[in-house]
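Quick notes on the structure that follows.
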Amino acid sequence: MMEKLIIFDTTLRDGEQSPGATMTGDEKVRIAQQLERLGVDVIEAGFAAASVGDFLAIQKISSIVKNSTVCSLSRALERDIEKAGTAISAAARGRIHTFIATSPIHMQMKLHMTPEQVIENAVKAVRLAREYTDDVEFSAEDASRSEPDFLARICEAAIEAGATTVNLPDTVGYAIPEQFGSFVRDIRTRVPNSDKAVWSVHCHDDLGMATANSLAGVHIGGARQLECTINGLGERAGNCPLEEAVMAISTRSDYFQLQCGINTKELVPTSKLVSTVTGFPVQPNKAIVGANAFAHASGIHQDGVIKARQTYEIMRAEDVGWARDRMVLGKLSGRNAFKQRIQELGIPVTSENEINEAFLRFKDLADRKSEIYDEDIQALFAPSGSQPLSNYY
Ligand code: KIV
Ligand code: ZN
């Protein structure tokens, strides 16, 4: 039996911090229901103290969602925690996620607090949050730039105060995978009561390493909660994309030896919903959920996939919610892929010679047109298209 990795989705909170990705209450509810269908363990539904709209959306999501824990973010402030506690009160399982910055630059320049004051605030916040729920997460904001001795002290204090999850965010996407993995392991080792809490990672993508850092935090560091967003939405360059982390864990379960309870067939539908609601298109070459993620264009690859899908596919398109993998017919395609498409389209051909003739016409067309659609193939076999090749040139 493989150990479980908790998937904490923050599309509705950190994802919404993407400039331009604001969502209405109803849109948030729709996404939360889809996240529940996807099987995420924790849905961070918003930041209750940020606005009345966010408060109401968290309240509504708490009353509707039954199979995922519903969470509200809060600063380490009494009024934030009260709002978060009230917003999640109807949830079957509700979590308060309270945070305070722990790096020297944040403590000095942003909070204007001494390290001792920061610890005091964190402890008070966790204790108060525990009055609302027994599921409390503490985050040390900017953990990856914090001083390890101090970070370990505040994590230990938070656990003693009742935190059940301790999160080490790479808030500004500064980490490097191996270093971050060792960092998480080191902090856990320094905290005497480390096994009384679940350790979590939350990585931003400023250097394009959010997924790699998160996975290193899990594999090397021993974190058992991974925070992520659909399509990698999030503040600045975004967060670790849920679909990438989940598919890495499942495709390489031989390496990670972990399982997450995600219904992977819902990955593409969830990605499409979030993209439609936010108006943020998914780049075609985006891993897992991009339109080209399972598209084969070169003749050599198409031929390989027709003979055995595993030649060029490490995952199956159907397993992540695509109808199937896609052969893009164009000038790089080979005869095998062309023939397969003819069969799929049900075009009646009487001989291999007829296919050979049509293939030459197809190549000629492909030189002039970047992608050949099914209609183009059908046209190649239309009465005029079935004339001998000599009539064409
Ligand atoms: O990036 C970050 O540090 C956060 C915290 C609030 C967890 O989003
Ligand atoms: Zn964040």
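No lab work stands behind these numbers, since they all come straight from the coordinates. In this text the structure is predicted, and so the values were computed from the model without any measurement. Note: ideal-geometry Cβ built from the backbone for every residue, glycine included; neighbour counts use all protein chains shown.
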Query raised in the report: Any residue in segment 338-355 that is without any contact (Cβ under 8 Å) to a residue 60 or more places away in the chain, assigned to a helix (DSSP H, G or I) and in contact with a Gly (Cβ under 9 Å, 6 or more places away or on another chain)?
Result: no
Query raised in the report: Looking at (1) part of a helix (DSSP H, G or I); (2) farther than 28 Å from Ala175 by Cα, which is the one condition that is false for Ala92?
Result: (1)
Report summary line: Of (1) charged (D, E, K, R); (2) part of a helix (DSSP H, G or I); (3) surrounded by 13 or more Cβ atoms within 10 Å (Cβ to Cβ), Lys331 satisfies every one except (2)
Query raised in the report: How many of the residues making up segment 356-374 are in contact with a Gly (Cβ under 9 Å, 6 or more places away or on another chain) and assigned to a loop (DSSP other than H, G, I, E, B)?
Result: 4
Report task. Within segment 317-327, track down each residue that is of a type in the set (A, V, I, L, M), surrounded by 17 or more Cβ atoms within 10 Å (Cβ to Cβ) and not in a helix (DSSP H, G or I). Result -> Met327
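Collect the residues in segment 126-177 that are among the aliphatic types (A, V, I, L, M), assigned to a helix (DSSP H, G or I) and away from ligand 1 (no atom under 16 Å from the Cβ), keeping them in residue-number order.
Leu128, Ala152, Ala157, Ile159, Ala161
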Query raised in the report: Consider Leu233 against the criteria (1) more than 13 Å from the chain's Cα centre (by Cα); (2) more than 21 Å from Gln259 (Cα to Cα); (3) of a type outside the set (Phe, Trp, Tyr): it satisfies all of them except one. Which criterion is unmet?
Result: (1)
Report summary line: Those residues of segment 225-270 that are crowded, with 24+ Cβ neighbours inside 10 Å and among the hydroxyl-bearing types (Ser, Thr, Tyr) come to a total of 2
Report summary line: Of the residues in segment 1-20, those that are within 17 Å of Glu243 (Cβ to Cβ) and in contact (Cβ under 8 Å) with a residue 60 or more places away in the chain come to Leu5, Ile6, Ile7, Phe8, Asp9, Thr10, Thr11, Asp14, Gly15, Ser18
